[in-house]
Amino acid sequence: MSTLKALLFDVDGTLADTEEVHRQSFNQAFADAGYDWEWSRDDYRDLLKVTGGKERIAHFLKTRHPEFQFSGEAQTHIAELHKAKTAHYVAQLQGGKIPLRPGVRRMFNEAREAGLRMAIATTTTMENITALIEANLGAEAMSWFDAVAAGDMVAKKKPAPDVFLLAMEQLSLTPADCIVLEDSYNGVQSALGAGLKVIVTASEYTLDDDFTGSHLVLNQMGEPDAPASCLWGELAPDDYLTIAVIKQVHALV
Ligand code: XBP
Ligand code: MG
């Protein structure tokens, strides 16, 4: 077994509980454009099965409003709605509305101290990634990541393996060198499809997801004063996710 060289992080749900702000931003963009579509939390939980904001809007229209026709090219209108949604979302981030989840900042620091490389592999856009990282960790923090693979950089978004394959290509590493931190069924499928081991920190919208195939499922990374709960796999009571625990999981056959 190869020694662990890199941590590959998902973004939405893993680094921060972003999905509520994504949902509100979609609704704001719809209202701004004069549409009376409003996604409730329950609607959104269901719509999250489709990854990617533009794909999610297209899926919503196809399944809930099959009669709806844009006045011009549908893809162009969807891209405009998504751009407006992203502007609302980034404004919320820059206003400090979305903190990192417990243990995420500590994990970044521990990984850097341990000489592990870090990468991001996500469905969302580079704009949203940068805004989240810089708002919470400062302008220099994007330089902590040796690779960033975003949804629009690949042919197929999660659950396809493309973003994780791209992140490993950017790092010049193989699946045996890396481990993934994810929060969702689609993310786990994507990582497994790329041949990677996965640790899950489930999030508010993904607690009931099927994480079969992952190696450890926690409710959060946790901190010394806010330990993680283990939902599947092994973690000592009152413990939290550390580099030592990640290395143990990585070493499992
Ligand atoms: C989560 C997603 C994203 C966000 C919205 O993916 O499915 O689509 O909900 O982001 P991940 P965009 O956890 O892999 O980041 O609107 O920017 O697509
Ligand atoms: Mg996620």
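The values are calculated or read from the model by the stated rules, or taken from the named source; none is laboratory data. Remember, predicted model here, so these are calculated numbers, not experimental data. No Cβ is skipped: glycine too gets one built from the backbone with ideal geometry, and neighbour counts run over all protein chains shown. Ligands, DNA and RNA are stripped out before the accessible areas are found, and what is left, the full protein with its side chains, is counted by its heavy atoms. Shrake-Rupley method; radii C 1.70, N 1.55, O 1.52, S 1.80 Å.
In segment 204-220, the residues that are over 18 Å from Arg101 (Cα atoms) form Cβ pairs under 7 Å with partners that are among the basic types (Lys, Arg) and open to solvent by 10 Å² or more (accessible area, probe 1.4 Å), at six or more places apart or across chains, as follows: His215/Lys197.
Applying the set (1) out of contact with any strand residue (DSSP E or B) (no Cβ under 9 Å at 6 or more places or on another chain); (2) more than 19 Å from Val148 (Cα to Cα) to Gly195 leaves exactly one unmet item: (2). When residues of segment 1-40 are filtered for being away from ligand 1 (no atom under 16 Å from the Cβ) and farther than 22 Å from Gly187 by Cβ, how many remain? Looking only at that region, the number is 8. Of the residues contained in segment 57-64, none is found to be among the hydroxyl-bearing types (Ser, Thr, Tyr) and either within 11 Å of ligand 1 (Cβ to nearest atom) or at pLDDT below 95 (or both).
Restricting attention to segment 169-217 and to residues that are in contact with a helix residue (DSSP H, G or I) (Cβ under 6 Å, 6 or more places away or on another chain) and aromatic (Phe, Trp, Tyr), the residue that is nearest to Ala119 (Cα to Cα) turns out to be Phe211.
Yes or no, residue by residue, for (1) within 15 Å of the chain's Cα centre (by Cα); (2) touching a residue at least 12 places away in the same chain (Cβ under 8 Å); (3) within 13 Å of ligand 1 (Cβ to nearest atom); (4) closer than 21 Å to Ile246 by Cβ:
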position: Leu116; (1), (2), (3), (4): no, yes, no, yes
position: Thr123; (1), (2), (3), (4): yes, yes, yes, no
position: Met126; (1), (2), (3), (4): yes, yes, yes, no
position: Ala150; (1), (2), (3), (4): yes, yes, yes, no
position: Ala160; (1), (2), (3), (4): yes, yes, yes, no
position: Val163; (1), (2), (3), (4): yes, yes, yes, yes
position: Asp183; (1), (2), (3), (4): yes, yes, yes, yes
position: Gly195; (1), (2), (3), (4): no, yes, no, yes
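For the criterion of being closer than 20 Å to Thr124 by Cβ and among the acidic types (Asp, Glu), Asp162 passes.
Entry remark, segment 1-55: residues being in contact with a helix residue (DSSP H, G or I) (Cβ under 9 Å, 6 or more places away or on another chain) and closer than 30 Å to Lys247 by Cα number 19 in total. Pairs only if they're at least six apart or on different chains, beta carbon under 9 angstrom, first in segment 3-18 and more than 13 Å from Val200 (Cα to Cα), second modelled with pLDDT under 95 and part of a loop (DSSP other than H, G, I, E, B); list them, first residue then second. Matching pairs, first to second residue: Asp17/Glu204.
Scan segment 11-33 residue by residue and report those that are under 29 Å from Met168 (Cβ atoms) and open to solvent by 10 Å² or more (accessible area, probe 1.4 Å).
Result: Asp12, Asp17, Glu19.
Determine whether segment 125-139 contains at least one residue that is within 15 Å of ligand 2 (Cβ to nearest atom), open to solvent by less than 10 Å² (accessible area, probe 1.4 Å), part of a loop (DSSP other than H, G, I, E, B) and in contact with an Asp or Glu (Cβ under 8 Å, 6 or more places away or on another chain). No, every residue in segment 125-139 fails to be within 15 Å of ligand 2 (Cβ to nearest atom), open to solvent by less than 10 Å² (accessible area, probe 1.4 Å), part of a loop (DSSP other than H, G, I, E, B) and in contact with an Asp or Glu (Cβ under 8 Å, 6 or more places away or on another chain). Taking the numbered list (1) within 15 Å of ligand 1 (Cβ to nearest atom); (2) touching a residue at least 60 places away in the same chain (Cβ under 8 Å); (3) in contact with a Leu (Cβ under 6 Å, 6 or more places away or on another chain) in turn, Cys178 passes all entries but (1).
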